[in-house]
Structure formats: C-alpha cells, structure tokens
Amino acid sequence: MPVPAETAEAVLTCLAAYLCAGALFALVFLWRGVEMLDPAARGTGAGFRLILLPGTLALWPVLALRWLLARAPAGGHPASREGAP
C-alpha cells in the first residue's frame, strides 16, 4: 500500500525539523554541556566531540533534559533557581 505524498512530505519535514533542532543543540552542548554531564570529557579535543555528534543529533531531547537537570539546584526544579523569571 503506497504512502500518500502529503504524508511522506510531512514525515520528512518533521524529521528535518528534529535534526535542525538537534544540530543547534549539538553546537552548544558539545561546546559547553558535555563536560557538565561527563567530567571525563574535560580537555578532550574536536575529534572526540565529532564522534559524539551523531548520537547528540539523534538523542538531543534526552541530553537536553539531563543537562537541564544537572544545572538545577539540588533541591528543586530548574525554574526554582534564584533570579529565574
């Protein structure tokens, strides 16, 4: 049973949006955030971070949540930080 062209286009558009968001996240995360989640990543070079790029693109929502929770104060939700709007 063939898939309608509109459905295929919608799926590909969603996939492209997901990967674009992942690419933007990966730029920031691989530059700053990876060291917060894994202290062993401190001082690693660009080659190591390039190896992490495909997984970061695919799993960016999970990594974003873990990074957000790692930045949260010990006793609360990230929005409960002082000075948070």
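The values are calculated or read from the model by the stated rules, or taken from the named source; none is laboratory data. Model, not experiment: these values are computed from the prediction. Cβ sites come from the backbone with ideal geometry, for glycine too, and all protein chains shown count toward neighbours.
Residues being modelled with pLDDT under 95, touching a Leu at 6+ places or on another chain (Cβ under 6 Å) and surrounded by 12 or more Cβ atoms within 10 Å (Cβ to Cβ) are represented in segment 72-82 by at least one member. Take the conditions surrounded by 10 or more Cβ atoms within 10 Å (Cβ to Cβ), part of a helix (DSSP H, G or I) and touching a residue at least 24 places away in the same chain (Cβ under 8 Å) and apply them to PHE48. Does it pass? Against the criterion (surrounded by 10 or more Cβ atoms within 10 Å (Cβ to Cβ), part of a helix (DSSP H, G or I) and touching a residue at least 24 places away in the same chain (Cβ under 8 Å)), PHE48 does not qualify.
For first residues located in segment 14-38 and within 17 Å of ARG66 (Cα to Cα) and free of Cβ contacts under 8 Å to residues at least 24 places away in the same chain, partners that are assigned to a helix (DSSP H, G or I) and small (Gly, Ala, Ser) and lie 6+ apart or on another chain with Cβ distances below 7 Å form the pairs VAL34/ALA41; GLU35/ALA41.
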